[in-house]
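Step one of this worksheet: look at the structure below.
The values are calculated or read from the model by the stated rules, or taken from the named source; none is laboratory data. Quick caveat: nothing in here was measured; it's all calculated off a predicted structure. Cβ placement follows ideal geometry from the backbone for every residue including glycine, while neighbour counts extend to all protein chains displayed.
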Amino acid sequence: MDAEKKTLYLTVGKEVSLSFTGNGEALQYIRLSVNKLAEIINNGLVDRQSIFEIDEVSLITKSNYKTVVQVVAGKQVLHGNTDHVDVVIDKDKTKQKAAEKDIFINGDFIFIVDQTQTIEKNDLHTLNIKNAKTYQNEGGRV
């Protein structure tokens, strides 16, 4: 029997942003701010090593005030009416990107998306618009 898949639920916004190829045909990576990284570590979801063992990130694409991501026994439990897109993470490339440095020294943490999975910009249109507005509000930081 396969080991349990490790999934991290995230909502795109100020602390979580997306990067696509130039033509928008594929999601390349998911960027977590230092604050978001500290939050998920402090919640006990991951530690400085186990973050590299995340198999997929589930991007919450639709939620309302009843949507709650609760931490129970070190795991996230999603409650409420939501839609989400599961993004497979290339764990090896993600770890290589960190280059064995402390994850907080590198600034924002980046999950590299597995290249065998194609998630187009249009597929995440709502998330992309929210992401673009966040960057504009922060002065275009990439």
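Tabulated values for the structure
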{"item": "Extreme residue, surrounded by the most Cβ atoms within 10 Å (Cβ to Cβ), among residues of region 1-48 that are assigned to a strand (DSSP E or B) and of a type in the set (Ser, Thr, Tyr)", "result": "Ser17"}
{"item": "Count of region 86-109 residues which are surrounded by fewer than 17 Cβ atoms within 10 Å (Cβ to Cβ) and assigned to a strand (DSSP E or B)", "result": "2"}
{"item": "Neighbours by Cβ (under 8 Å, 6+ apart or cross-chain): first from region 81-98, of a type outside the set (D, E, K, R); second assigned to a helix (DSSP H, G or I) and modelled with pLDDT under 90", "result": "Val85/Asp123; Val85/Leu124"}
{"item": "Test result for Ala26, in contact (Cβ under 8 Å) with a residue 40 or more places away in the chain and in contact with an Asp or Glu (Cβ under 9 Å, 6 or more places away or on another chain)", "result": "yes"}
{"item": "Within region 51-65, considering residues that are at pLDDT below 90 and not β-branched (Val, Ile, Thr), the one surrounded by the fewest Cβ atoms within 10 Å (Cβ to Cβ)", "result": "Tyr65"}
